[in-house]
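**Q** One structure, as structure tokens, below. Some questions next.
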Amino acid sequence: MQKMTPSYLASAVAMSLALAFPVHAGANGGAAVKEAPLRAHLAFLASDVLEGRGTGQRGADLTVAYLEAQSQALGLKPGNGDSFRQSVMIAGVKTDAAASTLALQAGGQALPARFGDDWVFAPGDATATHSFDSELVFVGYGITAPDEQWNDFKGVDLKGKTLVVMVNDPQPTAEQPNRFNGKGLTYYGRWTYKFEEARRQGAAGVLLIHTTPSASYGWSVIQNSWSGVERFQLAAGTLGTQLQGWMTEATAKALFAAAGQDLDALRAAAERKDFKPVPLAAKLTGTMQAAVRKVEQFNVAAVVPGTDPKLKDEVVIYSAHWDHLGKQGDATGGKDVIFNGAVDNASGSAALLAMAQEAIRVPAKRSQMFLWVAAEEQGLLGSAAYAAAPLWPLAKTAANLNLDSLNFVGATRDIGTQGSERTELGKLAETTAKAMGMRIADAEPDLAGGYFRSDHFNFAKNGVPAFSIESGRDYIKDVAAAKAKAAAYGPRYHQVTDEYDASWDLSGMVQAAQYTLNLGRVIANGAKLPEWKAGDAFAQPRNKK
């Protein structure tokens, strides 16, 4: 009997995948994404006419109408019965700090903490008024991870308490260099997970301790997202704790000292599995006031039906978020207040329209859905709403390929597929790239948890193989100039300067769209649904369905 060595096993797996998902130079079946429609859609979606496509703003309504009309004009079928729209009910929440009396108390005195400068907070349950007299408890990283044999709560009853939590994961050690993915961030380290787990523990509130290294960004990012601005959350389904918020490290140290504790010592203790929650001689007291409004936004879903009598009941979903930050502030004095979001993410939305134009001309065996999701910038809300009430059964969803912030610089020899390696999509991604004369970009540690911060993640955590296609960096032409141009986008991210430029070389954007469509067609024409790799954290939900 042939011994199954690792290399032999890898070859066998690759061969079986090749038989199940054949890839060849003509894998696109003649479906060639064209630059002209992609550029036209990009220019319009990023124009001032759509006012930055802001959630709950006029520009959002215009954007949905445009995507709907274009889908209909292309001959795509509605994805939600006879409608292209899927309703997403969202609550807009804006903390009224002046009307709030919320305070951190320790040693019988209130800490001098200023909203915005020292801490921020907002309701997590879309409720305008809350009163608190809640004990504070330090729960370390606030993680329950059976796969890591880790539990920061140890069965302690935390109902009605306010949890003080560290951001990120337990750090790797010499003895356990790969715990919690080593240097890479796991979902347990994301601040969204901390809020979700606090709710599961029955807590009244949760306050995250900010540090720049653990969050991967400075306090100013927290201020801009929480202080004096409207935040959005889903208005239905599983809501959050009464209070969600952050505090600066300096505020946390002062609070712990006033409560007779040493923050650094407790953080060190939290790196060990035997850590237990530590009640603080401190409370959260007072009232929190917020303005709350309900708004209806829409995902837009359009379908190219499959050609195979049986396989057409299964679907490959291509997704991109249509929203950006909209209009903000006062436009007096000629000030630019429109956050156009040309790269983020008019690029992905335009690419989907250009891809759909070819997909309907050359359909595949399985159906293909083009899904433009709402409110990504507000916390992946549109894709979360879709996953909670899918228009196509998740058990029959072969994969989700997501596009966000595409390459506007020029064609590359590589393409980014980080996260695809968690499933059989990894090998398919490699062979699809090779068929196009490309390679997969070198993997890097996911220090900021990028895999958990795009819309594909709401599919992944519900068991659907999913990842985002990212720009390559191995530019073919004018390498130094191309790298400088790509780097210059950093300061424009989430700024009014993320605007469309007619001089952009869109060959790289067309390349990414073509690659995504080619990969999607390989999946759509394959003999079987792709599976997760055994032991992956997200494999179990799909296998249960």
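**Q** Need pairs with beta-carbon distance below 6 Å; first residue of a type in the set (S, T, N, Q) and within the stretch 28-51, second surrounded by 15 or more Cβ atoms within 10 Å (Cβ to Cβ) and in a helix (DSSP H, G or I); sequence gap 6+ or separate chains.
**A** From the stretch 28-51, the pairs are ASN28/ASN518.
**Q** Just checking, which of GLN201, GLN297 is under 21 Å from ALA145 (Cβ atoms), crowded, with 20+ Cβ neighbours inside 10 Å and at pLDDT 95 or above?
**A** Among GLN201, GLN297, only GLN201 is under 21 Å from ALA145 (Cβ atoms), crowded, with 20+ Cβ neighbours inside 10 Å and at pLDDT 95 or above.
Yes/no per residue for (1) more than 30 Å from ALA46 (Cα to Cα); (2) touching a residue at least 40 places away in the same chain (Cβ under 8 Å):
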| residue | (1), (2) |
| --- | --- |
| GLY237 | yes, yes |
| GLY240 | yes, yes |
| LYS273 | yes, yes |
| MET288 | yes, yes |
| TYR318 | no, yes |
| ASP323 | no, yes |
| ASP330 | no, no |
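**Q** Given the criterion modelled with pLDDT under 95, loosely packed, with under 15 Cβ neighbours inside 10 Å and either closer than 17 Å to LEU371 by Cβ or out of contact with any Pro (no Cβ under 6 Å at 6 or more places or on another chain) (or both), identify the matching residue among TYR451, TYR489, TYR493.
**A** Sole residue among the options that is modelled with pLDDT under 95, loosely packed, with under 15 Cβ neighbours inside 10 Å and either closer than 17 Å to LEU371 by Cβ or out of contact with any Pro (no Cβ under 6 Å at 6 or more places or on another chain) (or both): TYR493.
**Q** At least 1 residues that are more than 22 Å from the chain's Cα centre (by Cα) in each: list the helices (runs of 4 or more DSSP H) lying fully within the stretch 449-545 that qualify. Reasoning before the result, please.
**A** Working: elements: 456-460, 479-487, 507-525, 539-544.
In the stretch 449-545, 479-487, 507-525, 539-544 are the helices (runs of 4 or more DSSP H) which contain 1 or more residues that are more than 22 Å from the chain's Cα centre (by Cα).
**Q** Consider the stretch 129-153. How many of its residues are modelled with pLDDT under 95 and either part of a loop (DSSP other than H, G, I, E, B) or surrounded by 21 or more Cβ atoms within 10 Å (Cβ to Cβ) (or both)?
**A** 1
For (1) closer than 27 Å to ALA534 by Cβ; (2) touching a His at 6+ places or on another chain (Cβ under 6 Å); (3) among the small types (Gly, Ala, Ser), each residue gets a yes or a no:
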{"residue": "PRO393", "(1), (2), (3)": "yes, no, no"}
{"residue": "ASN400", "(1), (2), (3)": "yes, yes, no"}
{"residue": "SER405", "(1), (2), (3)": "no, no, yes"}
{"residue": "GLY416", "(1), (2), (3)": "yes, no, yes"}
{"residue": "GLY419", "(1), (2), (3)": "yes, no, yes"}
{"residue": "LEU428", "(1), (2), (3)": "yes, no, no"}
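**Q** Could you list, in sequence order, the residues of the stretch 190-220 that are in contact with a strand residue (DSSP E or B) (Cβ under 9 Å, 6 or more places away or on another chain) and either of a type in the set (Lys, Arg) or assigned to a helix (DSSP H, G or I) (or both)?
**A** TRP191, LYS194, PHE195, GLU197, ALA198, ARG199, ARG200, SER214, ALA215, TRP219
**Q** Among the listed residues ALA429, ALA443, ALA433, which satisfies the condition of being assigned to a loop (DSSP other than H, G, I, E, B), among the aliphatic types (A, V, I, L, M) and within 25 Å of ALA486 (Cα to Cα)?
**A** ALA443 is the lone residue from the list that is assigned to a loop (DSSP other than H, G, I, E, B), among the aliphatic types (A, V, I, L, M) and within 25 Å of ALA486 (Cα to Cα).
**Q** Being out of contact with any Gly (no Cβ under 7 Å at 6 or more places or on another chain) and in contact (Cβ under 8 Å) with a residue 24 or more places away in the chain narrows it down to one residue among LEU62, LEU104; which is it?
**A** Numbers: LEU62 fails: in contact (Cβ under 8 Å) with a residue 24 or more places away in the chain.
On inspection, the qualifying residue turns out to be LEU104.
The values are calculated or read from the model by the stated rules, or taken from the named source; none is laboratory data. Predicted, not measured: the structure shown is a model, and the values here were computed from it. No Cβ is skipped: glycine too gets one built from the backbone with ideal geometry, and neighbour counts run over all protein chains shown.
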